[in-house]
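Written out below as structure tokens is the structure these notes cover.
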Amino acid sequence: MNLIYNFSAGPAMIPRDVLNQAKKELHNWKNLGSSIMEISHRSEEFIQMALEAEKDLRDLLKIPDSFKVLFCQGGARGQFSAIPMNLLNNLQTADYINSGYWSNSAFMEAKKYCTPRSIFIRETNGVKESLLPMHKWNINENSAYIHYCPNETIDGLSIYEEPVFENKIVVGDFSSFILSRSINIKNYDLIYAGAQKNIGPAGITIIIIRKNIIGYSSKMTPSILDYKKISDHHSMFNTPPTFAWYLSGLVFKWLKKQGGLKAIEKLNKKKSDLLYKKIDNSDFYINKINSKHRSQMNVVFHLVNPKLNYIFLKEASKTGLNYLRGHSIVGGMRASLYNAMPLEGVESLVKFMSYFEKRYG
Ligand code: PMP
């Protein structure tokens, strides 16, 4: 089979070495004669694996002891509900920073539980699209928390600035941002992420939460969404997605072997710089986002002549460059360059783009 590079936004590429290891261990994990999917989550072996996965994640992100790490279900959308249920704490409003599709989706869901405020931070000068810096966010004194999304997976927009808001709970939807670079966990109170981009297979959701904000859920919060319940039961109140947890653990070990977040951050910058440079040096392809806010994980670009979209995708796929179609809301193309995408994948894409431009430009 030819080498395939998968640019899907999620579920996305998983490192080849991780898949190979899982394949090797599939039928007989830890000499138990069974796969990990067939054993109890209460077994000594599973619990050991779960503890190791948490330790590796803590090492990677330098998570201090004042934070709990929870492994949950329900995806990031589950958290859109869990967050107001757990954090409103009798207040009636929360601030939702609106930078694109996903942050707005979180706002829409929060409306079921309170009267959130949407703070729109996108701006355009007619040519380039940009985002307001944090000091210009119009935060409400009486809000229970601020919610924002540092990487808009669909729009291809990122916020690299880290939040420092005094006396305010800060919540971040890190679904397509987590583990792509190092961050200072202490600047946040709650970080959550669905796994299917930079962590592992869909089905597991990671929450990193400051201990002192656990325990304030409203009465009607379902137990499986209640941070205290999940935390008290070591993320095993209900049967966890065991295979997804295991595979995520393998990804954490793989990431440590690559040199951790400093090394991957450097590589991620190199990959996205290469692709944006190709786009900027051409009048055949276009990206209108201000360079300060361009996503390194999801590079959105358009062909100036959209009539060529179909043929671009078809020919790319024949070359082994798959799933480049942009989200229907934005159109055009989207190349997702999560940690598992090697530099060679981006080099192949850039080479193909040059060839395509020569042929059809
Ligand atoms: N937030 C962001 C930033 C996302 O990219 C996604 C999924 N693409 C979601 C939320 C929703 O995630 P899930 O499907 O796991 O609920």
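To keep it simple, each residue is scored yes or no on (1) basic (Lys, Arg); (2) assigned to a helix (DSSP H, G or I); (3) within 16 Å of the ligand (Cβ to nearest atom); (4) touching a Lys or Arg at 6+ places or on another chain (Cβ under 9 Å).
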| site | (1), (2), (3), (4) |
| --- | --- |
| LEU3 | no, no, no, no |
| ALA9 | no, no, yes, yes |
| VAL18 | no, yes, no, yes |
| LYS24 | yes, yes, no, no |
| MET37 | no, yes, no, no |
| ARG42 | yes, no, no, no |
| PHE46 | no, yes, no, no |
| PRO64 | no, no, no, yes |
| SER81 | no, yes, yes, yes |
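Residue-wise test of (1) away from the ligand (no atom under 16 Å from the Cβ); (2) assigned to a helix (DSSP H, G or I); (3) surrounded by 19 or more Cβ atoms within 10 Å (Cβ to Cβ).
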site: GLY200; (1), (2), (3): no, no, yes
site: ILE206; (1), (2), (3): no, no, yes
site: LYS219; (1), (2), (3): yes, no, no
site: LEU247; (1), (2), (3): no, yes, yes
site: LYS253; (1), (2), (3): yes, yes, no
site: LEU261; (1), (2), (3): yes, yes, yes
Going by the structure shown, is ILE185 within 16 Å of the ligand (Cβ to nearest atom), assigned by TED's automatic domain parsing to the domain that holds GLU166 and open to solvent by less than 10 Å² (accessible area, probe 1.4 Å)? no
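Could you say which residue among ARG77, ARG117 is more than 10 Å from the ligand (Cβ to nearest atom) and under 21 Å from ILE159 (Cα atoms)?
Details: ARG77 fails: more than 10 Å from the ligand (Cβ to nearest atom).
Just a single option satisfies the conditions, and that option is ARG117.
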Out of all the residues in the range 111-127, is one or more in the same structural domain as LEU51 (by TED's automatic domain parsing), hydrophobic (A, V, I, L, M, F, W, C) and assigned to a strand (DSSP E or B)? yes
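Counting only residues that are in a loop (DSSP other than H, G, I, E, B) and either more than 8 Å from the ligand (Cβ to nearest atom) or surrounded by fewer than 24 Cβ atoms within 10 Å (Cβ to Cβ) (or both), how many does the range 150-173 have? Break it down into steps so the answer makes sense when it comes.
Residues of the range 150-173 that are in a loop (DSSP other than H, G, I, E, B), as a first pass: 150, 153-156, 159-168.
Among the residues that remain, those that are also either more than 8 Å from the ligand (Cβ to nearest atom) or surrounded by fewer than 24 Cβ atoms within 10 Å (Cβ to Cβ) (or both) are: 150, 154-156, 159-168.
Qualifying residue count for the region: 14.
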Report, ordered by the first and then the second residue, all pairs with beta carbons closer than 7 Å, sequence separation of six or more or different chains, a first member in the range 253-264 that is farther than 15 Å from ILE183 by Cβ, and a second member that is open to solvent by less than 40 Å² (accessible area, probe 1.4 Å) and modelled with pLDDT of 95 or more. LYS253/ASP56; TRP254/PRO15; TRP254/VAL18; LYS256/ASP56; LYS256/LEU60; GLN258/ILE264
Quick check on this structure: which one of SER105, SER158, SER99 is within 28 Å of SER66 (Cα to Cα) and touching a residue at least 12 places away in the same chain (Cβ under 8 Å)? SER158
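Sort out which residues of the range 101-111 are open to solvent by less than 10 Å² (accessible area, probe 1.4 Å) and either of a type outside the set (Ser, Thr, Tyr) or more than 13 Å from the ligand (Cβ to nearest atom) (or both), and write them in order of number. Walk me through how you get there before you give the answer.
So in the range 101-111, the residues open to solvent by less than 10 Å² (accessible area, probe 1.4 Å) come out as 103, 106, 110.
ALA106, ALA110, listed by residue number.
The values are calculated or read from the model by the stated rules, or taken from the named source; none is laboratory data. Keep in mind it's a predicted model, so treat the numbers as computed, not measured. Neighbour counts are summed over all protein chains in view; Cβ atoms, including those assigned to glycine, are modelled from backbone coordinates with ideal geometry. Only protein heavy atoms, including side chains, enter the accessible area calculation; ligands, DNA and RNA are left aside. Shrake-Rupley method; radii C 1.70, N 1.55, O 1.52, S 1.80 Å.
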